[in-house]
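The values are calculated or read from the model by the stated rules, or taken from the named source; none is laboratory data. Nothing here was measured: the structure is a model prediction, and the numbers come from that model. Note: ideal-geometry Cβ built from the backbone for every residue, glycine included; neighbour counts use all protein chains shown. Quick note on the areas: whole protein, heavy atoms, side chains included, nothing else; ligands and nucleic acids left out. Shrake-Rupley method; radii C 1.70, N 1.55, O 1.52, S 1.80 Å.
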Amino acid sequence: MGEVFIAESRIRERLEELEKQISQLAKRLEESQLTSHNYRLMVENAGEAIVILQDRKVKYLNPKAASLVGIRRDLLENVSFESFIHPEDREFVLRNYERRINGLDAPESYSFRIIDIRNRVKWVHIRPVRITYEGRPALLEFLIDVTRQKELEQELEKTNSMLKSAIESLSEAVLIVDREFEPIIYNSNFLKIWNLTGVNGLTASQIIEKALSFVKNPTLFKERIEKIRNSPDGEFSGKLELSDGRVYEWYTKPYRINNQTAGRIWNLKDITDKVQTELALREREKKYRELVENINSIVLRWKPDGTITYINRYGSRFFGYRRKELIGKSVFETIVPERDSDGKNLHRLIEAITKTPDRFQNNENENITKDGRRVWILWKNKGVYDRNNNLIEILSIGNDITEKRKMEKRLEKLATTDSLTGLINRMRFEEILEQAVRDSSEGTGKIFSLFLFDIDDFKKINDTYGHNIGDRVLVDLSRLVGQLLDDSDIFSRWGGEEFFILLPDTGLEEAARKAESIREAVASSRFPFVGKITISGGVTQFREYDDPVSIVIRADKLLYSAKNSGKNKICWE
């Protein structure tokens, strides 16, 4: 039950994160109305799809938007966007479009399906903003591909349905309550015990009062309930005798969400007929074994010294071993490398789990298969203790999250990296610059300098050799300059042929010397196809009352001074 709530929570968090990114970008673009050159560059290189619609036709779209449907964007301009909307969503989307374009109330954001050139269905999340474009009303729309999130929602819905069906199919009575003992989920067997038709409208106290009329010992029953209420993290079991002679074996344990106790699960089993109880128990154990063997999750039992005592069929296949190659061997020798890809000591992590497994009930770490592949697994660990509370075994259930981790890394890279040069992008650089200004403005004595430069006559390169060669020059220049920088220097593509370098703990004269050496290195190098190129730049140091805008403006003015004084020059002040 806790896993379902966790999955749902993660989906909500991801959508909220996307909404936040869209809102931030929308605010900037609404303020600029797309007239600012710098913002246009940002739109062109944005990680989100951006479209302008007018008269139900596409008036502008950035490369990311064209990639959603798989068609060159010059073929999409002035094309009706209706043809790409899924037929079942078309009426809804068009109605919202008309209301928004006419200034009427309409959802600020919503999701719908599109169909790309390969006839694949994709889910997108959209936030439309009404703007004036070329003197007439238009919609500026921001789209995020949320196909994966929709798939997760469908999987979650399926899981919830299966959970409810599974609970209803149990021979036992089941009740799931929140921290206040208010009912959340129950099956019909629970209602039968207390002669209830339902619990809607009934509080926990009312249900308990009704139960008191059925139990053989009301006083003991109330004492047990009170004890459990006062021990939200405890597990309890016992027998419940009813006044009509029925006897139930009961068990209750808390469930956790995000490592916090969120409520409690109750299970009551009729044990009046001993034979039926034994038969049901054997059947239940058989189903459990079948479930463990056939479930699409890794089920692993291992001792505190790392020795594997059991792994299910799925787990052995996942790691590429036969079971006899794993059972009796140590996790250190088989599925756990000494260090993960980021250098984290995994053997130390395993040792920590064996000491306090309850602290690692939900743990993500890298593992390794027999053929050497690195895989990421979400492990749910639970300690197994003897009567003296000594840890004798650890039960670990794992699920492969390798693709999820790859997707997270890709999203992080897209959000912070310039796709052409591999440098950090403007948006990320602005964040770094803001932090550097804050750090230097707090009386810490920290200093830094900025070096802004661009390629002289870069337009001629594009006009003469084409944009592909121009892009090649940008890439080669980035690589050359990057080799001349220290590890602490921050190198960013600001936009077009402009680049920024933030030099931490560097005064003006030292920064100017470094800038001059970079200029000389560029001027003395030859670039494929175009031969010699030069750069011009401006260097300035942080001043006491600077903010991110003022220091950038000063660097920009120095750059233009270098341009106006003959190019291939560095100006600094």
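Suppose R0 equals 56 Å. What FRET efficiency, 1/(1 + (r/R0)^6) with r the Cβ-Cβ distance, do Y465 and K370 give to the nearest 0.05? Before the final figure, lay out each step's value.
Working: r = 51 Å, r/R0 = 0.91.
Calculated value: 0.65.
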| For a paramagnetic label modelled at 7 Å from the Cα of R513 toward its Cβ, which residues of segment 456-489 fall within the zone defined by backbone nitrogen distances under 15 Å? | 486
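Working with all protein chains in place, sort R127, R256 by solvent-accessible area computed with a 1.4 Å probe, largest first. Could you put the intermediate results ahead of the total?
Working: R127 45, R256 90 Å².
Ranking R127, R256 by accessible area, largest first, yields R256, R127.
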| Quick one: helix 467-483 against the long Cα principal axis of the chain, what's the angle to the nearest 10°, folded into 0 to 90? | 80 degrees
| field | Kirkwood Rh in Å, taken over segment 133-291 so that all alpha-carbon pairs contribute | value | 18.6 Å
| note | On the accessible surface of the chain, probed at 1.4 Å with all protein chains in place, carbon and sulfur together account for a percent value of 48 percent
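For the chain, what does the relative contact order come out to in percent, with C-alpha contacts under 8 Å and a separation of six or more?
Reported as a whole number, the value is 7 percent.
Cβ neighbours within 10 Å, averaged per peptide: list 141-147, 531-537 in order, most packed at the top.
Values: 141-147: 21.0, 531-537: 18.3.
Averaged packing, sorted descending, gives the order 141-147, 531-537.
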| task | Roll a 1.4 Å probe over the protein chains and send me the accessible area per residue for the chain in Å². | result | 55 Å²
| task | Could you grab the relative contact order for segment 347-476? Cα pairs under 8 Å, six or more apart, rounded to a whole percent. | result | 12 percent
| task | In whole Hz, with x marking every Gly and Pro, tabulate ³J(HN,Hα) for segment 63-72 from phi via Karplus 6.51 cos²θ - 1.76 cosθ + 1.60, θ = phi - 60°. | result | x, 5, 5, 4, 5, 4, 9, x, 10, 4
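Given the -39500 (n - 2.57) contribution per DSSP H run of 4+ residues, what per-residue ellipticity at 222 nm results for the chain, rounded to the nearest 500 deg cm²/dmol? Don't skip to the answer; put the middle values down first.
Values: 18 runs with 242 residues, N = 573.
That calculation yields -13500 deg cm²/dmol at 222 nm.
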| Hz values of 3J(HN,Hα) by residue in segment 234-246 - Karplus curve (6.51, -1.76, 1.60), Gly and Pro given as x | x, 10, 9, 8, x, 10, 10, 9, 9, 5, 8, x, 5
| Extended-chain gain in nm, criterion 0.36 nm per residue less alpha-carbon gap, L395 and E430 | 7.9 nm
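Starting from the Cα coordinates of segment 385-429, work out the convex hull volume and express it per residue in Å³.
So the per-residue Cα hull volume is 124 Å³.
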| query | In µm²/s, what is D for segment 285-417 at 4 °C and 1.567 mPa s, where D = kT/(6 pi eta Rh) by Stokes-Einstein and Rh is the Kirkwood radius from Cα pairs? | reply | 83 µm²/s
| In the chain, how does Rg compare with the Kirkwood Rh, expressed as the Rg/Rh ratio over alpha carbon atoms? | 1.08
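Can you give the convex hull volume per residue for the Cα atoms of segment 142-192, as a whole number of Å³?
For segment 142-192, the hull spanned by Cα atoms encloses 104 Å³ per residue.
Considering all projection directions equally, how large on average is the shadow of the alpha-carbon convex hull of segment 431-503, in square nanometres? Could the numbers behind the result be given before it?
Details: hull surface 21.8 nm².
The orientation-averaged projected area of the Cα hull of segment 431-503 comes to 5.5 nm².
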